[in-house]
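Step one of this worksheet: look at the structure below.
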Amino acid sequence: MNKIISISEAASYVKDGMTVMVGGFMGTGGPNRIMDALLAGGVKGLTIICNDTAFPDKGVGKLIVNKQIKCVIASHIGTNPVTIEQMNNGTLSMIFYPQGTLAECIRAAGAGLGGVLTPTGLGTVIAEGKQVISVDGKDYLLEKPLRADIALLYASIADESGNLIYKGTTQNFNPIMATAADLVIAEVEKIVPTGSLSPETVHTSSIFVNYLAK
């Protein structure tokens, strides 16, 4: 199966109302060209799972500015004042997670777990409406798995089979998101022939990757 598609083809898989994971950290290591294609295509009503909403002029932040997102599930939004404005005026729904908890909930979905237990957030607004479980006399919040219809990732290098390498800090959230969505598309900088990558350098196995966008 040929996994290589264009950026516009990658964007075409995202439909109105879908839940979409977006890798990266403040735009670094994010599928920014796919974000631009989504901006041009006008898809709307999206729920986005991401670490943050980047900046108004970068990555997922552009979709926020263009009001294509109805809900954001993230750990912080402080670098994008438009996100804050839309949250405060009620046009954008926000669900906050502590950053480590967000990562663990995504990882739990990928691992097929029923959730994770964490003390982080006890006694705060994060705990509202969530189940508290006591283990050996200590209380924990039950945080349920987070899964998406599509994960949009960025990789520095891929082989034609879909094995991925992330350089430096571009690893942020990409590896775990690759395991937690029904369809996984990686925007890649460079594609090499299958067999060119040393197995020990691969961060995400091809079994998790449906398409490579170039």
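The values are calculated or read from the model by the stated rules, or taken from the named source; none is laboratory data. Predicted model only: the values in this text are computed from it and were never measured. Every residue, glycine as well, gets a Cβ built from its backbone with ideal geometry; the counts of neighbours run over all protein chains shown. Heads up: the accessible areas ignore ligands, DNA and RNA and are worked out on the full protein's heavy atoms, side chains in. Shrake-Rupley method; radii C 1.70, N 1.55, O 1.52, S 1.80 Å.
Among Ile133, Ile34, Ile48, whose mean-square fluctuation peaks in a Gaussian network model of the chain (Cα, cutoff 10 Å)?
Ile133
For region 1-84, with all protein chains present and a 1.4 Å probe, just round the carbon and sulfur fraction of the accessible area to a whole percent.
Of the solvent-accessible surface of region 1-84, carbon and sulfur hold 58 percent.
Run the dipole for region 87-154 about the Cα centre, Lys and Arg Cβ at +1, Asp and Glu Cβ at -1, nothing else charged, and hand back the magnitude in debye, nearest 20. Kindly include the intermediate steps, with their values, before the conclusion.
On the way: 5 positive and 6 negative charges, 18 e Å.
Roughly 80 debye for region 87-154.
If you count, for each residue, the other Cβ atoms within 10 Å and average over each peptide, how do 24-33, 181-190, 108-117, 5-14 line up from highest to lowest?
Output ranking for 24-33, 181-190, 108-117, 5-14: 24-33, 181-190, 5-14, 108-117.
So for region 1-152, if I pair up every lysine 8 or more residues apart or on another chain, how many of those pairs have alpha-carbons under 29 Å apart?
24
If Lys and Arg each add +1 and Asp and Glu each add -1, what is the summed charge of the other residues whose beta carbon sits under 12 Å from the beta carbon of Leu117?
Net charge around Leu117: -1.
Which shape class applies to the chain: rounded if a/c is under 1.5, otherwise prolate when a/b exceeds b/c and oblate if not, where a ≥ b ≥ c are the square roots of the Cα gyration tensor eigenvalues?
Note, shape of the chain comes out oblate.
Around Pro193, under 9 Å between beta carbons, what's the net of Lys plus Arg minus Asp minus Glu among the other residues?
That sum, taken over residues with Cβ under 9 Å, equals -2.
Can you give me the Kirkwood hydrodynamic radius for region 84-155, using every pair of distinct Cα atoms, in Å to one decimal?
13.9
Which percent, nearest 5, of DSSP beta bridges in the chain are antiparallel?
For the chain, the DSSP antiparallel bridge percentage is about 30.
With axes computed from alpha carbons, what is the tilt in degrees of helix 32-41 against the longest principal axis of the chain, rounded to the nearest 10 within 0 to 90?
So the helix axis and the longest Cα principal axis differ by about 90 degrees.
Tally up the carbon and sulfur contribution to the accessible surface of region 127-191 as a whole percent, 1.4 Å probe, everything protein left in place.
Carbon plus sulfur share of accessible area: 45 percent.
How long are the three semi-axes of the equivalent ellipsoid for region 18-112, computed from the Cα gyration tensor as the root of 5 times each eigenvalue, in whole Å, largest first?
19, 15, 13
Under a 1.4 Å probe, what is the accessible area of region 69-214 per residue, stated in Å²?
Heavy-atom accessible area per residue stands at 47 Å².
In debye, nearest 20, what is the charge dipole magnitude of the chain about its Cα centre with +1 on Lys and Arg Cβ and -1 on Asp and Glu Cβ, if you could check?
260
To check you understand DSSP bridge types, tell me what percent of the beta bridges within region 1-94 (both residues inside) are antiparallel, rounded to 5.
15
When the chain is modelled as a GNM with alpha-carbon springs shorter than 10 Å, which of Lys15, Lys70, Lys138 fluctuates the most?
Lys138
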